[in-house]
Amino acid sequence: MSKNEKISRHDFLKMAGIAGTAFLLIPLIPLGKVLGTRVTNQNKPVIIKRTNIVGPDGVAFLYPSNPKGFVWYMNNDEPFDSHFERGGGSTYDKLLKNDDGSWTADDNKRVKFNLNVDPDYKDAIGGCDMSFKDSMARGYTYDKSDLDDVELTGFFNVHEPTENDGIYLRGPCNHHNEADHLCCEEFNYDCETNSNSVSEPSTVKFTKQSPNKYYNDPAGVKKIVPEVILAGHGWVGIKYIHIIVSRDMSNPKIKLEQWMNYNGDGKTWIKVNEVVDTRSYKWGPKAICEGEDYEVGAWGAPRMVYKWYRGKVDFKWFSCRQIIPNLIV
């Protein structure tokens, strides 16, 4: 490539995703150097700081992009596009651009965004009668382009506390009729970050949603380490990682991770939660939708979701990348 020749965004993403050479990996650096706080050795989380394996928004990758996978970045000038849409049940009418280039909804009572791989996506195969067994055998619920291993990212500035379970990052998942929650399409995993208080430290948890009910991770709610009160904190980044570890019909396995960036620079990421879901973990309901007891969603689906209730929340730097499930080392 000549010195003056511009590289396309697609080629840039492919190279950046595969590269993984020049970066800094710091598994257990003193948190005082990152956040100016004192934390005991027993509580030190995994911390990664990366400065040059980044996307066009400047946010660092944790996992390399799949060169043949789906990659999406929110348009800074106009967030909605053929993939990114207003989610069902939302109360806002429009998005407002802030002076710093971020965005906010004109009504935060219920804010939801859907991100669809296929702009024409409607329903999973089988619709509300989607079969868990068939989905796992096939490997996807809608199309071969469905997302499987995903790194979903968003940055949030919570000026006033949220309600319910805070900020939700969800997927891969499917559409379901808001009026019919007894719907097999409704299966998904949620990464939830509680930002509902200005006095109590924020917490995180994973949930599994099956028809008409949410099931909390058996490991329970976890306090963020170091303790942080997200409401009023300023810009924070959240990464939700979904990885299919095993597609074996007899022993499916999913790994979920949550990472956070507390100073809003997009470079320093701290792992705050992780779980591996197997049937023996006993998370969720007994057999439904032609699945097994405590079914594990080891299949791809075409949609990711961002959502929150009430509060006053600014947002920016949304992205979704289909990844190669090997932490960059």
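When His242, His175 are arranged by Cβ crowding within 10 Å, least crowded first, meaning fewest neighbours, the order is His175, His242.
Only helical runs count toward this figure. For the chain, summing -39,500 (n - 2.57) over DSSP H runs of n ≥ 4 and dividing by all residues gives -1500 deg cm²/dmol at 222 nm.
Here the relative contact order of the chain, from alpha carbon pairs under 8 Å that lie six or more residues apart, stands at 26 percent. For the stretch 117-205, applying the loop criterion from DSSP together with a ceiling of 16 other beta carbons within 10 Å to the chymotrypsin sites (Phe, Trp or Tyr not before Pro) yields no site.
Binning the alpha carbon pair distances of the stretch 265-315 at 10 angstrom intervals from zero yields the distribution 16, 27, 35, 19, 2, expressed in whole percent.
For the set Lys112/Lys208; Lys144/Lys282; Lys222/Lys282, the pairs lying more than 21 angstrom apart at their alpha carbons are Lys144/Lys282.
Which loop trypsin sites (Lys or Arg not before Pro) in the stretch 42-83, with loop taken from DSSP, have no more than 15 other Cβ atoms within 10 angstrom of their Cβ?
Lys68
Listing Met136, Met249 from fewest to most neighbouring C-beta atoms within 10 Å gives Met249, Met136. Dividing the Cα radius of gyration of the stretch 63-322 by its Kirkwood radius returns 0.94 for Rg/Rh. Counting neighbouring beta carbons within 10 Å and listing from fewest to most, the residues Met304, Met260 come out as Met260, Met304. In the structure shown, the pairs Lys94/Lys312; Lys49/Lys97; Lys44/Lys316; Lys133/Lys213 are assessed against 25 Å; a Cα-Cα span above that value is assigned to Lys49/Lys97; Lys44/Lys316.
Each reported figure results from applying straightforward, stated rules to the coordinates on display, with no laboratory input. Everything quoted here is computed from the prediction, not taken from an experiment. Note that each Cβ is placed from the backbone with ideal geometry, even for glycine, and that neighbours are counted across all protein chains shown.
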